[in-house]
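Reading through the structure tokens given below for one structure.
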Amino acid sequence: MRIVEEPLSGLLLIEPRVFHDPRGHFFESFNRAAMREIGILEDFVQDNQSLSARGILRGLHFQRPPLAQGKLVRVAQGSVLDVVVDLRRSSSTYGQYFSVTLSDKNQLMLWIPPGFAHGFLTLSDNTLFLYKCTAPYHQVSEGGLAWNDPDLGIHWGIEEPLLSEKDKMNPSISGFNSPFE
């Protein structure tokens, strides 16, 4: 497994060892001992899966403490532009974003610790997105930021993605009172 620490402190891009042969490929998508070796000590309590057509944008989402979620995300089928925004007030990168393409071709995984908003844009039809979470979903604790907030300046590469009604109402980061230290 190869680990790349990204510019936003705490984010880890994980490249698993993939074994290929004429039948296809195999890799460990999760191994608790291996995760602990690279510093991911949290316990995962919930697995989520979404299936989306091309041009679907989900996010930017987070959960407030005490039910803030860390997420280990990957794509089993298709591809996404995965985006995270640092919401930790004490961080030197507060309000900055990081993006990476995750796909079934590159098999990359991204560790997103609590304190980040997360979203993704599907780049292909029938994209199957998987994520392990360190806290269960809790509707009262959920929050979001506008995907197209000019203050964030995220380069999604799309003008009009398909959004949920809830995501259309997400606020700008300006005036946002972050619950994360």
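The values are calculated or read from the model by the stated rules, or taken from the named source; none is laboratory data. Bear in mind that the values here come from a model prediction, so they are computed numbers and not experimental data. Here the Cβ positions follow ideal geometry from the backbone for every residue, glycine too, while neighbour counts run over all protein chains shown.
Among the numbered conditions (1) assigned to a loop (DSSP other than H, G, I, E, B); (2) touching a residue at least 12 places away in the same chain (Cβ under 8 Å), the only one that Leu41 does not meet is (2). Of all the criteria given as (1) more than 19 Å from Asn126 (Cβ to Cβ); (2) in contact (Cβ under 8 Å) with a residue 12 or more places away in the chain; (3) not in a strand (DSSP E or B), the one not satisfied by Arg36 is (2). Just one of the numbered conditions (1) under 19 Å from Ala53 (Cβ atoms); (2) assigned to a loop (DSSP other than H, G, I, E, B) is not true of Gln107: (1). Among the residues of region 7-40, those that are under 15 Å from Asn106 (Cβ atoms) and either basic (Lys, Arg) or modelled with pLDDT under 90 (or both) comprise Pro16, Arg17, Val18, His20, His25, Phe27, Ser29. Close Cβ contacts (under 6 Å, 6 or more residues apart or on different chains) running from residues in region 144-167 that are more than 11 Å from Val85 (Cβ to Cβ) to residues that are among the β-branched types (Val, Ile, Thr) comprise Leu162/Ile56.
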